[in-house]
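The structure appears below as C-alpha cells.
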Amino acid sequence: MGTSIELTIAGISLSYSKNNMGLDFGFLFQDGDEARRKLDGINYEYYDEHPDKNADLAEHEAVFARPLARVLPRLLLLGSTIESARAEYEAIIADALEIGSYSTPPGEPNLLTFEEFCSLACRYPLGTLGGGTEFEDREKAKGKLVSDEDFQRLPWTDNSNSFWSETSYLGAKVAILSAESMLQVFALNSANLNVDVVWEFGPLVHSGWEPRALFHPGARRKQKVLIATEGASDARIIKRALDILRADVTDFFNFVDVDERHHFWGTGNLVKFAEGLLRIDIHNKVLFVLDNDAEGVDAYRKLEALNLPPNMRSMLLPNLDEFRRFRARGPEGVSVSDINGRAAAIECYLDLNLPNCPPAQVLWSNYKKDIDAWHGALEFKESYHRHFYDQPPETLCEGLYDASKLLKLLDALINQAALVLPSI
C-alpha cells in the first residue's frame, strides 16, 4: 500500500505524496516547529500494548507545525500572494471552460469568480468543521455544508468525490490550488490564522521511505539573501532587529561579518565589492543596503549604474516623514531640515528619545558635489547604539522602545529582498 506524506491545515490536505518526499515544505517552518501529532494510519493499540516503544511512536508522529499567521510572512517573501492565487484560480477556470470540466449541468458554466471562490473557502472557519467521523452516506458526510449550492459551481477535479466528512468535503471541493495559494485564500478569514499548518513527515520516515535528515525546517540555500552593508554596525542593527521584530523570516537573511572585522568599510568599498561580485558572476542573492544620507545616495547611483543582474539589488534606507523636520546643526546654528537623502543613517531609525538627553540632531559636515547635497551625521550616535543593544527583546516587542522607524526599515528591506528571491 505504501505510505503517504501530507501538508495539511485543520485536517484539509493541501499537498500529498506517496512513498517519497514530494514537494519540500520545510521552508514554511523554523527551528522549534517540530512537534508530535496523532495521525491517521498509526496503530495506537499496538503502542498502548508496548509502552517501551515510545521513542518509536515519537518518530512516527513527528511533524512540523506552525500557525497560519506565522507561515504567511514566509510565503509573501517568496512571492506567494492573494494575487498569485487569483492568477492560478483563473487559469483553472479557463481550462475548465475549455474542456467542460465543471460540475454544473452542460450549457450552464456558472463557475465561481475568484472573489466568490474566496468567500466560499472562508465561509466556514476551518476549526469548526467536523472531521473525525466517517459517514457512509455521502449527504450526511457533508454536514452543515450540504445545502450550500456554491460547491456545485466549482471546477471538477479527480478528488472532488473523495470525502467522508465536513472537513474532507471542503478540502475535496475547494483545495484545488497549490498549497501556498490555498493558504493565502484561507488566511482571508481571520478565524483561520491561529490554525496550524502541519507537514506530516513522520510516517514516511518511520516506514523507511526517506531518511529523517531530509526533513529540516528553515529557508533553503537558494532562498537566502546576503545583506551587504557599508559598515559592521549597520549589519548588527539590522540583524538584531530582524531576529526580534521580524523573527518569522529572519532565517532568509545572511550577513557579511556581523561579529568580525568588516572587510569593506564605507560606501566606496561596498561599491568595489559589488563590482567584484559582478566580475566573478556570482549567482547568490545579494542586497546592498545603504544609509539614506548623501554618501549613501551617491553610492546608490553608482551601484545602479552597474546594471546589477536580477539576483542583486541595491537599496537606500527608506525616506520617512519623521525625517522631514529634523534638528540639524550647521555653520548658521541649529535649524529644522529634511534629512532624507542627506543625513538619515541607520542610527536615525533607532529610538532617539533617550532619557536625560537633549533632542537628537544631525551635524552637517561636507558637501557632495556629485549629488548637489550636504552630508550630515547624527551626533552622539554611539549613545543610540548602546541604548538599542541594552534593550531586552521583550522591550522592543512590547512597545516600550520606539521601534516604529526600525519596523519601516525592515519592511522596506524585506520587500526588496523578495524581488531577488525565487518565486514559489
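The values are calculated or read from the model by the stated rules, or taken from the named source; none is laboratory data. A quick note: this is a predicted structure, and the numbers were derived from the prediction, not measured. All Cβ positions, even for glycine, are placed from backbone atoms using ideal geometry, and neighbour counts span all protein chains on display. Heavy atoms of the whole protein, side chains included, go into the accessibility calculation; ligands, DNA and RNA do not. Shrake-Rupley method; radii C 1.70, N 1.55, O 1.52, S 1.80 Å.
Summary of computed values
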{"quantity": "Relative contact order computed over segment 1-51 (Cα-Cα under 8 Å; 6+ residues apart), in percent", "calculated": "23"}
{"quantity": "Residue (of 77, 58, 417) at the positive-pole extreme of the chain, dipole from beta-carbon charges", "calculated": "417"}
{"quantity": "Cα centroid separation - segment 393-424 against segment 166-203, whole Å", "calculated": "27"}
{"quantity": "Cut-off under 5 Å, modelled amide H: who pairs with residue 286 long-range", "calculated": "226, 312, 313"}
{"quantity": "Where 5, 424 fall by accessible area, highest first, once all protein chains stay in place (1.4 Å)", "calculated": "424, 5"}
{"quantity": "Which labelled figure in (i) 86, 62, 48; (ii) 69, 50, 39; (iii) 74, 45, 41 is Cα extents along the principal axes in Å, once derived from the coordinates", "calculated": "(i)"}
{"quantity": "Cα gyration tensor shape for segment 301-421, rounded if a/c is under 1.5, else prolate or oblate", "calculated": "oblate"}
{"quantity": "Label-to-label distance, nm, for residues given as residue 366 and residue 19 (7 Å Cα→Cβ offset)", "calculated": "6.9"}
{"quantity": "Whole-number Å³ per residue for the convex hull built on Cα positions in segment 4-84", "calculated": "117"}
{"quantity": "Portion, in percent, of the accessible area of the chain that falls on carbon or sulfur, probe 1.4 Å", "calculated": "50"}
{"quantity": "Cβ-placed point charges (K, R +1; D, E -1), dipole of segment 365-424 about Cα centre in debye, nearest 20", "calculated": "240"}
{"quantity": "Neighbour net charge for residue 221 - beta-carbon separation under 14 angstrom, K R +1, D E -1", "calculated": "+2"}
{"quantity": "Taking the chain and dividing mean pair separation by its residue count, relative contact order in percent (alpha carbons under 8 Å, at least six apart)", "calculated": "17"}
{"quantity": "Per residue solvent-accessible surface (Å²) - the chain, probe of 1.4 Å", "calculated": "49"}
{"quantity": "Derived scalar couplings ³J(HN,Hα) [segment 189-202; Karplus, 6.51 cos²θ - 1.76 cosθ + 1.60; whole Hz; x for Gly, Pro]", "calculated": "9, 4, 5, 8, 5, 8, 7, 6, 8, 10, 9, 8, 9, x"}
{"quantity": "Residue pairs, from the table 222/272; 302/368; 272/302; 272/368; 239/302; 144/173, whose Cα atoms sit over 21 Å apart", "calculated": "222/272; 239/302"}
